[in-house]
Structure formats: structure tokens, C-alpha cells
Amino acid sequence: MSVLSENIRFLRDRMKASQQKVADEISITRGRYSTYEEGRSEPPIELLIHLSKYFKVNIDLLITVDLKKYPVDDLVNLPNNRTLLPIKVDGAGENIIEIVPQKASMGYLSGYNDPDFVDSLQHLSLPFLRNGKFRAFPADGDSMPPYNDGTFIVGKYIEDRKDLKKGKTYIFITRDGIVYKRFSHQDDFGSFVSSDNTFYEPYEIKWEEVYEIWEFACSINTQELKIDNLEYREVRSMFEELRSEIRTLKRTT
């Protein structure tokens, strides 16, 4: 039997529905439905859509994931017919935070919705992070000082882009990669973000390219902060103070 046939049998039993009831709901005969549940044939895409809507589970999960392994009621539905697997806890009841290592960061773009891939990631628990789904991502480059290589940014999953707050930092999982940026504003087409390193120009991330958004929750440094990074922060602070003073002078003249 296929994953799909196992899943629709499991979901039907879970709903205590007969094959005839499901068949009636998706407008086919019971005999035809039974061939799908027994794995003797595969439904066309239009029937997959009907099954997905009836069982309230997206198509991707129906055909690729053994749903008996997961609490279906706790699945978090995402846009574009995707699902984030439910929050898991360790033996002490703390949230399990998956760690995406640097070498697996590109693989995350294709595996973020694959339960086996997510389960294969190392994880940790932080008792001060609760009430949400958290995941740790590697910082890369020098665009967001003092977070550089060797730092992990722990993000809290954002379900609705309307929850983005101006001036806050977020991890954007996009078609082109994983980026950590400061949010400025948004429109119907995308999110406008910037780097804290002013060497880099602000830009727009198109919504159609965004898979997930995670809000900064905390950071974990695996390397000591370098002296030059500290000096950079001091110089930047000095320039910010100077800029503020110039603005004050302009207002008073």
C-alpha cells in the first residue's frame, strides 16, 4: 500500500466515517474510493484536492508523510498548501528546538517540510523559550554585526506576515537562501529589509519567494566575539551619536 492509501484509511477511521460517506463527500462511487484506500490505483490531482479539503490535511503530507506518527490536530497549516510539524517537547516538557547546521542550511530549503529531514537535525531545549515553535539557524557573513559565522540565531515561527514589526529582526527562509535582516515595512508584493551593516543596501524580498519567517528570539555564539567586531560597534556608535548631534543642530538653526 502507498503512503496515500495508508493515510486516507487512517484519517477516515479517525473520523469514524464509512467509505461510502467519504465517497459521497468527494462525489465518486464507493467502489472507486476503495481502490485508492487499498492502493490499487492513484487518484488524479482533482480528487487529491477534494481529499485534502475533506480531511483538512494538505496534499504534500497526504502523499509523503506517515500521518500515524504525528498528532494531526497539532499540525500548523501554512500558506501555499504547506504544513509546519507540531511543537515537540523533551522529557522535561521543554520545547525541542531544531538546529540547522551551516552545512545543512541549503538542504533546509528543500527539506524544511520533510519530517524525516527535520527529525534528523540536532536539537536543544531552552527553558526560557516557550509558547511558540522555535528553530535555530546559522548566521552567515558580516551583514548583521555582531552576529557572524559561528553564531546561531534562534527564531520563533511567525504564522502571519501581518505580525511583522518595524525595526525587529527576522530570519527569512526564501527560494534563494536563508537571510537574517531587519524589517522595515511591507506591501502586497514583498517585505522591505535592511542589514545592520550599512555597507549593504536595503532591498525587497518578494512574498512569492518566501517560505517561512522566524522572529529573533535569542542568539547563541559558538565563538568569542572578535576585538575588531567590538571596535566596529564602538565606531558605529560614535557615528550614530554624531549623526544625532548634526540633526539636532539642523533643527535649532
Original post:
Which helices (runs of 4 or more DSSP H) sit wholly inside the stretch 1-42 and have at least 3 residues that are within 19 Å of Asn58 (Cβ to Cβ) and open to solvent by 20 Å² or more (accessible area, probe 1.4 Å)?
Top reply: 3-15
Original post:
Hey, does the stretch 195-202 have a residue that's within 19 Å of the chain's Cα centre (by Cα) and either more than 21 Å from Ile97 (Cα to Cα) or surrounded by 17 or more Cβ atoms within 10 Å (Cβ to Cβ) (or both)?
Top reply: no
Original post:
Tally time: how many residues in the stretch 130-165 are within 12 Å of the chain's Cα centre (by Cα), closer than 15 Å to Asn221 by Cα and surrounded by fewer than 20 Cβ atoms within 10 Å (Cβ to Cβ)?
Top reply: 0
**OP:** Would you check which residues across the stretch 207-223 are open to solvent by 80 Å² or more (accessible area, probe 1.4 Å) and part of a strand (DSSP E or B) and list them?
**Re:** Asn221
Subject >> Qualifying residues in the stretch 5-33 (those that are among the polar types (S, T, N, Q) and within 34 Å of the chain's Cα centre (by Cα)) - the one nearest to Phe55 (Cα to Cα) >> reply: Asn7
Original post:
Which condition breaks for Val235 when tested against (1) at pLDDT below 90; (2) not in a helix (DSSP H, G or I)?
Top reply: (2)
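Could you tell me whether the stretch 48-57 includes any residue that is more than 28 Å from Tyr112 (Cα to Cα), surrounded by fewer than 16 Cβ atoms within 10 Å (Cβ to Cβ) and under 34 Å from the mean Cα position of the chain (by Cα)?
No: zero hits.
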Subject >> All positions within the stretch 187-206 that are out of contact with any Pro (no Cβ under 9 Å at 6 or more places or on another chain) and in a loop (DSSP other than H, G, I, E, B) >> reply: Asp187, Asp188, Phe189, Thr198, Phe199, Tyr200, Glu201, Pro202
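The values are calculated or read from the model by the stated rules, or taken from the named source; none is laboratory data. Not measured: the values here are computed from a predicted model. Cβ: placed from backbone, ideal geometry, glycine included. Neighbour counts: every protein chain shown. The protein model used for the area step is the full one, side chains on, heavy atoms only, and it has no ligands, DNA or RNA in it. Shrake-Rupley method; radii C 1.70, N 1.55, O 1.52, S 1.80 Å.
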